[in-house]
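Novice: To start, I am sharing the structure in question, which I have written as structure tokens.
The values are calculated or read from the model by the stated rules, or taken from the named source; none is laboratory data. In this text the structure is predicted, and so the values were computed from the model without any measurement. Glycine also receives a Cβ, built like all others from the backbone with ideal geometry; neighbour counts cover every protein chain displayed. What goes into the accessible areas is simple: the full protein's heavy atoms, side chains included, and nothing from ligands, DNA or RNA. Shrake-Rupley method; radii C 1.70, N 1.55, O 1.52, S 1.80 Å.
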Amino acid sequence: MTSPLFSLAGRVALITGGNGGIGRSIALGFKAHGATVVVTGRNPDKNAAIAAELGDGHAVIELDVRDEQAVDQAVADIVARFGSLDILVNNAGIARRVAVLEMSTEDWNAVLETHLTGSFFCARAAAKAMVAGGRGGKIINIGSMYSLLGPPNLVNYAAAKTGMVGLTRGLGVELGEHNIQVNALLPGWHKTDLNRALLDGPLGDEIRHKTPARRLGTPDDLAGAAIFLASSASDFVTATTVVVDGGYSVTDRRWEE
Ligand code: NDP
């Protein structure tokens, strides 16, 4: 049985980009802890697959987080159908790996709009619903260890993910009076569609040899920390970050086999 401290029973959770990778693991983790889960994504096949996994009593919405009006409508529809919105996970994301000297404005905008502006749209709509509902809430922003480090060929991604830490702090401070906690999860290297091609190459081994946990992360490694930040176990934790990277971001040494 789930400990009441970590129970999500009676809570309605929205996970953007929850039709695959990290978002899917968080969605299924929330469901296992009793939440009603609403997942969004753009790809109809991936949306159909997660709908089958979630089953009855949950929902999947086709949504592009960059579409301000569609975000507002999706939150209104969730409240109308399920009665509240209690947890938001801003997880939707893309990567455009391009050297800065070659990076187009479109490469910059696509990444900033998806991660940072999309998270703002979703957080604003969710916070309004949470304040109107009067029972507090939880907002979890999925940042990255690249909220802390400077990666090559990803200046757009690093800027967006670092911005999400500022978004987290600002929202957490402003929404505290409404009993809404806002935190960011900063994942390290977890193999998903976002980086599978890279991690299946030599870089995967290099990263494994710099990770104190001695392995790459999996999407399921994020679920526990997300459940903590979504549950009443974290009611006095706000405007901060939780790094889930097997220790990667604090070491400057390789380990040898
Ligand atoms: P995936 O590619 O597996 O998942 C990304 C998800 O975002 C998909 O469900 C995708 O759905 C959705 N998405 C992308 N763009 C949009 C959009 N405009 N509107 C709505 N949904 C969108 O990658 P991950 O699971 O790895 O990534 C999840 C999050 O974790 C991202 O924010 C990523 O930056 C972050 N992260 C991942 C790390 C890793 O090692 N994997 C490390 C650090 C952070 P669809 O395909 O249907 O559009």
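Novice: What is the sum of charges around Phe121, taking Lys and Arg as +1, Asp and Glu as -1, for the other residues whose C-beta is under 13 Å from the C-beta of Phe121?
Specialist: Around Phe121, the surrounding residues sum to -2.
Novice: So, one more: Counting only helical runs of four or more DSSP H residues, what would the 222 nm mean residue ellipticity of the chain come to if each run contributes -39,500 (n - 2.57) and the total is spread over all its residues?
Specialist: Here the helix-only value at 222 nm equals -12000 deg cm²/dmol.
Novice: For the peptides 185-198, 158-171, 54-67, what is the packing order when you average, over each peptide's residues, the other Cβ atoms within 10 Å and list the highest mean first?
Specialist: 158-171, 185-198, 54-67
Novice: Can I ask one more? In region 64-98, whose amide N lies under 16 Å from the spot 7 Å out along Cα-to-Cβ of Leu198? List them in ranges.
Specialist: 93-98
Novice: While we're here: Length gain on complete extension for the stretch Thr241 to Ala32, per 0.36 nm per residue less the alpha carbon to alpha carbon distance?
Specialist: In short, 72.8 nm is gained.
Novice: Regarding region 111-257, what's the average projected area of the Cα-atom convex hull, expressed in nm²?
Specialist: If I average the Cα hull's projected area over directions, I get 9.2 nm².
Novice: If you don't mind, there's one more thing I want to ask. Which length gain, in nm to one decimal place, applies between Asn43 and Asp252 when the Cα-Cα distance is subtracted from 0.36 nm times their residue separation?
Specialist: 71.4 nm is the gain from fully extending Asn43 to Asp252.
Novice: What FRET efficiency comes out for the pair Ala233/Arg66, r = Cβ-Cβ distance, R0 = 41 Å, nearest 0.05?
Specialist: 0.80
Novice: Based on Cα coordinates alone, diagonalise the gyration tensor for the chain, multiply each eigenvalue by 5, take square roots, and list the semi-axes in whole Å, largest first.
Specialist: Semi-axes (√(5λ), whole Å): 28, 20, 18.
Novice: Here is a follow-up. Under a 1.4 Å probe, what is the accessible area of region 1-130 per residue, stated in Å²?
Specialist: 45
Novice: While we're on this one: Ranking request for peptides 241-254, 24-37: highest mean number of other beta-carbon atoms within 10 Å first, then the rest in descending order.
Specialist: By packing density, highest mean first, the sequence is 24-37, 241-254.
Novice: Where Lys and Arg each count +1 and Asp and Glu each count -1, what net charge lies around Leu185 among other residues with Cβ under 14 Å from its Cβ?
Specialist: Once positives and negatives cancel, what remains is -1.
Novice: Positive end of the charge dipole of the chain (Lys, Arg +1 and Asp, Glu -1 on Cβ, about the Cα centre): tell me which of Leu112, Trp189, Ala70 has its Cα farthest that way.
Specialist: So the residue furthest toward the plus end is Trp189.
Novice: Quick one: what are the phi-derived ³J(HN,Hα) couplings along region 151-162, Karplus 6.51/-1.76/1.60 with θ = phi - 60°, whole Hz, x for glycine and proline?
Specialist: Per-residue couplings from phi come out as x, x, 6, 9, 4, 5, 5, 4, 5, 5, 6, 5 Hz.
Novice: List the residues, sorted by chain then number, that are 5 or more residues from Leu88 or on another chain and whose placed amide H is less than 5 Å from its amide H.
Specialist: Counting only residues 5 or more places away or on other chains, the set is Leu14, Lys138, Ile139, Ile140.
Novice: Counting only protein heavy atoms and using a 1.4 Å probe, what share of the accessible area of region 14-128 belongs to carbon plus sulfur, as a whole percent?
Specialist: It is 50 percent, rounded to a whole number.
Novice: Which cross-chain or sequence-distant (5 or more) residues have an amide H under 5 Å from the amide H of Val244, H modelled 1.01 Å from N in plane?
Specialist: Long-range HN contacts for Val244: Leu186, Gly188.
Novice: In terms of the ratio Rg/(2.2 N^0.38 Å) built on C-alpha atoms, what value belongs to region 46-111?
Specialist: 1.49
Novice: What FRET efficiency comes out for the pair Ala52/Phe6, r = Cβ-Cβ distance, R0 = 22 Å, nearest 0.05?
Specialist: Plugging the Cβ-Cβ distance into 1/(1 + (r/R0)^6) gives 0.25.
Novice: Something else now. Place the peptides 132-138, 85-91 in order of packing, highest mean first, counting for every residue the other Cβ atoms within 10 Å and averaging per peptide.
Specialist: So the order, starting with the most tightly packed, is 85-91, 132-138.
Novice: Hey, any idea what % of region 144-257's accessible area is carbon plus sulfur with a 1.4 Å probe?
Specialist: So the carbon and sulfur contribution to the accessible surface is 53 percent.
Novice: I would also like to ask the following. Given R₀ = 25 Å, FRET efficiency for Asn153-Thr218 by Cβ-Cβ distance, to 0.05?
Specialist: That gives a FRET efficiency of 0.55.
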